[in-house]
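To keep things clear, I will list the structure first and then write my remarks on it.
The values are calculated or read from the model by the stated rules, or taken from the named source; none is laboratory data. What you see is a predicted model; the values in this text were computed from it and never measured. Note: ideal-geometry Cβ built from the backbone for every residue, glycine included; neighbour counts use all protein chains shown. In case anyone asks, the SASA skips ligands and DNA or RNA and just uses the protein heavy atoms, side chains included. Shrake-Rupley method; radii C 1.70, N 1.55, O 1.52, S 1.80 Å.
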Amino acid sequence: MAEKRKKLYELACKYDVIIFEDDPYAELRFEGESVKPVKSYDTEGRVFYTSSLSKVIAPSFRLGYLVVKKEFGQYVNVCKQCSDVHSNTLGQYVAWGVMTKTDYEAHIKKAQEEYRRKSTLISETLKKYMHPSCRLSNPTGGMFIMMFMPDTVDAVDFTWKGIERGVVCVPGSGFALDGKKPSHMIRMCYATATDDEIVKGAEIVGKLTCDMIEGKV
């Protein structure tokens, strides 16, 4: 992964393009060694690095930050002012307090352990119920797991059928360059769900793969 990021930066330099690096989940890595962001290779100021505190301090805590070369700052400020005038001051005070007056590192470690546990739970439950022709991603961080299904299963159709059974997931087309192309992958989030909800939801999703692949629905 590190080598790929370094190569990406080298290509950006070669073709003189800007990289916008969105990295909100870096601190939530719970397996393996941390991978340096593309920004760490940036010697020319061509990487715009952005992240968010909503994933690490509290759900829906909508406060992000952007690291750019100083000469771009004035343009970023103008764009920001045209967008929402100003980030909320109370949120900034809360963030400052959390990061300077509490054990922030301990908080992050606790979050990592919780996501590791939930990731294992949803993975093990899905494997118990899903069709053998399906496969799962192996999350090393963050709050999502991906399921890859056979080409005979359309992810959008699968998503709607899942909603009918009480589970919401996101079809892979939502992450594609061309969202109109068929997708056979879904993404599931295990962040805020309780253990019971994770087990119940994973069972529904797993059984739905069997029903659709075997032509029962």
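Within the group Lys128, Lys118, Lys55, which residue is in contact (Cβ under 8 Å) with a residue 40 or more places away in the chain, more than 23 Å from the chain's Cα centre (by Cα) and within 24 Å of Cys169 (Cα to Cα)?
Testing whether each residue is in contact (Cβ under 8 Å) with a residue 40 or more places away in the chain, more than 23 Å from the chain's Cα centre (by Cα) and within 24 Å of Cys169 (Cα to Cα) leaves just Lys128.
Does region 21-52 hold any residues that are part of a loop (DSSP other than H, G, I, E, B) and either touching an Asp or Glu at 6+ places or on another chain (Cβ under 6 Å) or more than 21 Å from Gln112 (Cβ to Cβ) (or both), and which are they?
Once the filter is applied, which keeps residues that are part of a loop (DSSP other than H, G, I, E, B) and either touching an Asp or Glu at 6+ places or on another chain (Cβ under 6 Å) or more than 21 Å from Gln112 (Cβ to Cβ) (or both), region 21-52 yields Pro37, Asp42, Thr43, Glu44, Gly45, Arg46.
Could we say that Lys200 is open to solvent by 30 Å² or more (accessible area, probe 1.4 Å) and farther than 24 Å from Arg117 by Cα here?
No; evaluated as a whole, the condition is false for this residue.
Would you be able to tell me the number of residues in region 99-146 that are in contact with a Cys (Cβ under 9 Å, 6 or more places away or on another chain) and in a strand (DSSP E or B)?
2
Would you mention how many residues in region 6-38 are in contact with a strand residue (DSSP E or B) (Cβ under 9 Å, 6 or more places away or on another chain) and open to solvent by less than 90 Å² (accessible area, probe 1.4 Å)?
Going through region 6-38 one residue at a time, the tally reaches 18.
Considering only residues that are exposed (fewer than 13 other Cβ atoms within 10 Å of the Cβ) and assigned to a helix (DSSP H, G or I), which ones fall in region 77-98?
Asn77, Val78, Cys79, Gln81, Cys82, Ser83, Asp84, Thr89, Leu90, Tyr93, Trp96, Gly97
Looking for whichever is of a type in the set (A, V, I, L, M, F, W, C), open to solvent by less than 20 Å² (accessible area, probe 1.4 Å), farther than 27 Å from Val35 by Cβ and in a loop (DSSP other than H, G, I, E, B) here; the options are Val168, Val153. Which one fits?
Matching residue, one of Val168, Val153: Val153.
Every residue in region 105-115 that is in contact (Cβ under 8 Å) with a residue 60 or more places away in the chain and acidic (Asp, Glu), please.
Result: Glu113, single match.
Do we find a residue being surrounded by fewer than 13 Cβ atoms within 10 Å (Cβ to Cβ) and in a helix (DSSP H, G or I) anywhere in region 172-187?
Checking region 172-187: at least one residue is surrounded by fewer than 13 Cβ atoms within 10 Å (Cβ to Cβ) and in a helix (DSSP H, G or I).
Report yes if Lys55 is in a helix (DSSP H, G or I) and among the basic types (Lys, Arg), otherwise no.
For Lys55, the condition - in a helix (DSSP H, G or I) and among the basic types (Lys, Arg) - is not met.
Failed condition for Ser183, given (1) in contact with a helix residue (DSSP H, G or I) (Cβ under 8 Å, 6 or more places away or on another chain); (2) within 25 Å of Leu63 (Cα to Cα); (3) free of Cβ contacts under 8 Å to residues at least 60 places away in the same chain; (4) among the hydroxyl-bearing types (Ser, Thr, Tyr), with all others met?
Going through (1) in contact with a helix residue (DSSP H, G or I) (Cβ under 8 Å, 6 or more places away or on another chain); (2) within 25 Å of Leu63 (Cα to Cα); (3) free of Cβ contacts under 8 Å to residues at least 60 places away in the same chain; (4) among the hydroxyl-bearing types (Ser, Thr, Tyr) one by one, Ser183 breaks only (2).
Residue under question is Tyr49, and the condition is that it be among the aromatic types (Phe, Trp, Tyr), open to solvent by 60 Å² or more (accessible area, probe 1.4 Å) and closer than 20 Å to Met1 by Cβ; does it hold?
No, not satisfied.
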